[in-house]
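S.K.: Have a look at the structure that comes next, please.
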Amino acid sequence: MTLILPTASFVAVPKTGTISVEEAFGFLADDFRPHLHEPVDVVRKRKKQVCFGVIREPVGWITSYYKYLKYSPYFNNTSTFGLRTKTFDQFVEKYVEGKHQWPEPLFHQASYLDRHGERVDFIYRFEELNRLVSDLNSITGVSVEVAHRNKSPDCDLKLDPALKKMFEDHAKRDYDIYESVK
């Protein structure tokens, strides 16, 4: 989702609360394109202004993505991709190997927030989404509340320790950005 507001743009990273932000602030947007995830350099080509984005703790992010694809009504009946039969470990292993076979692109969070010499000006942790909402309320001059949308089902998933280490190495840029956000 690209949300271009009159004074700022929101660069949407999948599975970081973007549908909630989209639904809350979409009525203020110019050139609104719901559910479109574009990296910061593409957003800035359309409108050069301050950009905001959200990053999620990487293991939490990949966990949410797995649950979304596995249990989503959009994908769970798509046997072609075999996601129903994939364990979380198998999913992460294919992601790390760059060999995933599901219908939706799955890029690093960092590839949305920092790409081709462009970087989001303000990055918020997913766990502190309320700070982003407060700042967007301030710059837009409206008071909007954000409801939780597109929340993945609750289920406890654990990564094999060796695979977790592989994932952490693979997602190093995501961890670097996440850790840099205070």
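Any read-out appearing in this document is the output of simple, stated calculations on the displayed coordinates, not a laboratory observation. Quantities reported herein were computed from a predicted structural model and do not represent experimental measurements. So basically every Cβ, Gly included, is an ideal-geometry build from the backbone, and we count neighbours across all protein chains shown.
S.K.: Less than 19 Å from a label point 7 Å out along the Cα-to-Cβ axis of Glu168: which backbone N atoms in the range 54-71 qualify, by residue?
M.R.: The answer is 56-64, whose backbone nitrogens lie closer than 19 Å to the label point.
S.K.: Follow-up question, since we're still on this one. Answer with a single label: of (1) 26, 20, 14; (2) 38, 26, 14; (3) 28, 18, 15, which was calculated as semi-axes √(5λ) of the Cα gyration tensor in Å from the structure in view?
M.R.: Given (1) 26, 20, 14; (2) 38, 26, 14; (3) 28, 18, 15, the calculated one carries the label (3).
S.K.: In degrees from 0 to 90, rounded to the nearest 10, what is the angle of the helix 129-140 Cα long axis to the longest principal axis of the chain?
M.R.: Roughly 30 degrees between the two axes.
S.K.: Could I ask something else about it? Which length gain, in nm to one decimal place, applies between His116 and Phe32 when the Cα-Cα distance is subtracted from 0.36 nm times their residue separation?
M.R.: On the way: separation 84, 0.36 × 84 = 30.24 nm, distance 2.35 nm.
Full extension from His116 to Phe32 adds 27.9 nm.
S.K.: Right, next: Using a simple spin-label model with points 7 Å from Cα along the Cα→Cβ vector, what separation in nm is obtained for Arg84 and Val42?
M.R.: 3.1
S.K.: Calculated from DSSP H runs of 4 or more alone, at -39500 (n - 2.57) each and per residue, what is the 222 nm mean residue ellipticity of the chain, nearest 500? Let's see the in-between values first.
M.R.: Working: 8 runs with 74 residues, N = 182.
For the chain, the value works out to -11500 deg cm²/dmol.
S.K.: Among Phe107, Phe167, Phe25, which one moves the most in a GNM of the chain with springs linking Cα atoms closer than 10 Å?
M.R.: Maximum fluctuation in the GNM of the chain, among the listed residues, is at Phe107.
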